[in-house]
Every structure is written in structure tokens, then in C-alpha cells.
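Down below is the structure, laid out as C-alpha cells.
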Amino acid sequence: METPQRKNIAILGSTGSIGTQALDIIENYPHLFHAAVLTANHNWELLAKQALKFRPHSVVIANDSKYSLLKEALQGSGINVLGGTDAIAEIVKLPVIDMVLTAMVGYSGLIPTVNAIEARKDIALANKETLVAAGEIIISLVKKHNVKILPVDSEHSAIFQCLVGENRKSMRKILLTASGGPFRALTKGELENVTVKDALNHPNWDMGNKVTIDSASMMNKGFEMIEAKWLFDCQPDDIEILVHPQSIVHSMVAFQDGSIKAQLGIPDMHIPIQYALSYPQRLPSEKYFLDWDKVINLSFELPDYDKFPLLRYAFDAIKKGGNMPCILNAANEVAVKAFLEEKIRFTRMPELVKYTMGNTPFVVEPNLSQIIETNSEAVKIAKEWVYTHC
Ligand code: MG
């Protein structure tokens, strides 16, 4: 039998939650996958450790001030060491790369993703902010360059799996599930006083800080709705959010005939990451099985848009279109940072986002440079708001 060629993967954000789990999978299947490029934002120590173990062609540290430390740690290893965000945007074009896993945080994923698509690399998409900020541009590039875009987000992986073998026209609705986060049971009044520690304590998923705060505010679900709209070519009103606190049903698709398909599994990101890397194959695993003794009840409820206004703003932004989702994302990045630094309260994040959406110049059909410009303007406006309100 012919041995399949190993897939060479560039992991952008290899030291984060998704990146480290992707490396677990690569370690489990060394004959199928090779980590060809690893990049990190500032954690040079972990990046150096990963590089010595996985022997990539190149590593890049975004934060220039850590470059010399990384370079020294990898001296004599034969691994190419680079520094700076421009180097990340360039390295994705490396001929040896087959697939780019975009697992960095926030807006920083946009330019490397654009470059990777233009260099005809398949994308395993974990950076949802890229599609929020520039969905229309990204999807038209994907079509133009005929590359695959495989969702890593557990909900989108679930929807993707429900649609395998189906005619897209028979899809009626996407039922996007949400855990509801740590504050699902709190009243609007109780939300006023939640702390950073409370918000970082997610009931089901172990994730990075940015997405954990976004889950607590339900901004994450709003972003995922926008992500689903672009990935599965549907209208926002065709996406229904369902709060499902057990996080076992990862999302569902309702079809024209009334049938609903769901994808279930334990809440562990290894499963959707592995599926994105191995698609259309399913690889055997020993540890990711659902223990039905622990799943006594699966419940579903509708979200509270009044308590979590950011979810509503996501619908407003995508319906408005143009650069509005990019403004939403930029404002939210500033809001999350300000909340994590304890400069603003949890309930002020939606106020800041609303203000920024109302005060950043609107562009109907933005090109990539207008998206970049919008992001900087919105960040500036949001930061000024923080400055005057704390
Ligand atoms: Mg998700």
C-alpha cells in the first residue's frame, strides 16, 4: 500500500490553547502530519521547547523583543528563526506548507490568513475574528484561489459535519448551540458586579482568556453566528442561537423536510481540530468518548438578548454589513482588554461597543485596506472611550 504523504501544517499561535492541542494531534499521528511552521505571540520559551520537539522548518515570534532569546535557545538546531508580525504574514507562503491552522488571537489573524489563501494553502480556521472583520473578502478569496476552508470552532465543525453528503439547498436553518457561559443563571443586576476571575471561570470549556471573556458576554456566540453566515452561505435570520448548558450537542442543522441532524461529543477541542486536519478521514482515538452516565439531561433554551446585548449587536452589525462587523470586533477587542485590566466593568463592554459602532465611519463595500483602516479607527475611538470612562 502506498503511504500517504504527510501533511505539512503551519500553526499560527502554537503556544495557545488551540495550538498546543493541535500539536498533541500531530504528536499522535507523526506519519500523517508534520508541524512545518510554528508561530507565537510572545511565549518564546514554550515556542523553543515545541520547536526542539517537533523540528519545524521555521519558527516565528511576533514580539520582536523576544527574538534574540528565541534565536539563542534554538542555536545550532538548524531551525530557521524569525521575528515580527510581518514575518508571520510572510512565512505562510512557504512552499512546503500544505495547510495553515489559524489559531492566533483576534484581528491579528487577518493578514496572515489572506496571504495564506493567496498562496493557495488550505485553511484550518480557528481564528473566527478574521471572518467577523472581513468575511466577504475572505470567502471571495477562498473561491478565487480554490482552497479549502475547514472550521475548527466546535460549533462550525458540527455544522460542517451535519452537512457532509447533503445538498446545501436542503438546509433550512442552522441551530447554533451556546453553553451560555458562567453567567447564564445570573440576573441583569447581578452581572454588574462580576469580576474578571468569575468571567474566566467557564463551566465546560478550557480556552484562552479572550474567547473565555467573549463566551461570558456571549459576544463569542455573536461572532460565531457571523462566522457561520460566511462559512455556510446563509442569512443571519437562518441562524438560531440555542443555549445548551451541557455543551454536548455542538450544533445542529435543520433541513427542508423537518429533519434535524446534530453532532455530539465531549466538550474537548481535540476532536474538531483533528477533524479539520484529517478531513475527509476520521482518525481513531482512545480517549474522546462520551460517557452516557454523565449525560442524564440535555436541555435547550432561548438566549436572553436583553441580558447579553453584545449578541444582539452582532446581528445588528452583520445585517448592516459593510465594515460594521469589523467595527464590532475592534471595539470588542478593546473592551475585553479593558475588562481584563480591570479598567471597566463587565456590563460596560456593550456600552463601549455600541458607542464605537455609532461613531466609526461606515463603509458600504470595504476593500482590504479599508478594513485595516476601519480596524485602527475603531480601536482608537474605543480606547478614547475607555480613557474618558475610567
Ligand atoms: Mg465555539
Take the range 310-332 and flag every residue that is buried (at least 21 other Cβ atoms within 10 Å of the Cβ) and not aliphatic (A, V, I, L, M). Tyr313, Asn323, Pro325, Cys326, Asn329, Asn332
Residue list for the range 349-369, restricted to those being surrounded by fewer than 19 Cβ atoms within 10 Å (Cβ to Cβ) and either aliphatic (A, V, I, L, M) or assigned to a helix (DSSP H, G or I) (or both): Glu351, Lys354, Tyr355, Gly358, Asn359, Val363, Val364, Leu368, Ser369
For the range 181-201, state whether one or more residues are within 16 Å of the ligand (Cβ to nearest atom) and within 28 Å of Val164 (Cβ to Cβ). no
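Identify the residue in the range 233-242 that is in contact (Cβ under 8 Å) with a residue 40 or more places away in the chain and surrounded by fewer than 19 Cβ atoms within 10 Å (Cβ to Cβ) and, among all such residues, is farthest from Lys320 (Cα to Cα). Spell out the reasoning first.
Taking the range 233-242 first, the residues in contact (Cβ under 8 Å) with a residue 40 or more places away in the chain are 233-234, 236, 238-242.
From what is left, the residues that are surrounded by fewer than 19 Cβ atoms within 10 Å (Cβ to Cβ) are 233-234, 236, 238, 240, 242.
Working: Asp233: 17, Cys234: 15, Pro236: 11, Asp238: 16, Glu240: 18, Leu242: 23 Å.
My answer is Leu242.
Among residues belonging to the range 81-107 that are in a helix (DSSP H, G or I) and touching a residue at least 60 places away in the same chain (Cβ under 8 Å), point out the one that is nearest to Asp64 (Cα to Cα).
Residues of the range 81-107 in a helix (DSSP H, G or I): 85-91, 106-107.
Keeping just the survivors that are touching a residue at least 60 places away in the same chain (Cβ under 8 Å) gives 88, 91, 106-107.
Numbers: Ile88: 12, Ile91: 15, Gly106: 19, Tyr107: 19 Å.
Among them, the one singled out is Ile88.
Here is a check on your reading of the model: is Tyr29 more than 19 Å from Ile149 (Cα to Cα) and touching a residue at least 40 places away in the same chain (Cβ under 8 Å)? Walk me through it before giving the result.
Details: more than 19 Å from Ile149 (Cα to Cα): yes; touching a residue at least 40 places away in the same chain (Cβ under 8 Å): yes.
Yes.
I'm trying to understand the selection: among the residues of the range 144-158, which are of a type in the set (Val, Ile, Thr) and within 11 Å of the ligand (Cβ to nearest atom)?
Within the range 144-158, just Val152 meets the criteria.
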Give the range 204-236 a look and list any residue that's more than 10 Å from the ligand (Cβ to nearest atom), modelled with pLDDT of 95 or more and polar (S, T, N, Q), or say none. Ser217, Gln235
Quick check, is Leu125 away from the ligand (no atom under 16 Å from the Cβ), of a type in the set (A, V, I, L, M) and crowded, with 21+ Cβ neighbours inside 10 Å? no
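Name the one entry in Asp291, Asp304 that is charged (D, E, K, R), at pLDDT below 95, farther than 22 Å from Leu110 by Cα and surrounded by fewer than 17 Cβ atoms within 10 Å (Cβ to Cβ).
On the way: Asp304 fails: at pLDDT below 95.
It is Asp291.
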How many of the residues making up the range 159-180 are surrounded by fewer than 18 Cβ atoms within 10 Å (Cβ to Cβ) and either within 16 Å of the ligand (Cβ to nearest atom) or within 27 Å of Thr347 (Cα to Cα) (or both)? 0
Pairs, please: C-beta under 8 Å, at least 6 apart or cross-chain, first residue on the phi < 0 side of the Ramachandran plot and in the range 255-279, second of a type in the set (Asp, Glu) and surrounded by 16 or more Cβ atoms within 10 Å (Cβ to Cβ)? Pro272/Asp153
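The values are calculated or read from the model by the stated rules, or taken from the named source; none is laboratory data. In this text, all values refer to a predicted model and were calculated from it rather than measured experimentally. In this analysis, Cβ positions are derived from the backbone assuming ideal geometry, glycine residues included, and neighbour counts consider all displayed protein chains.
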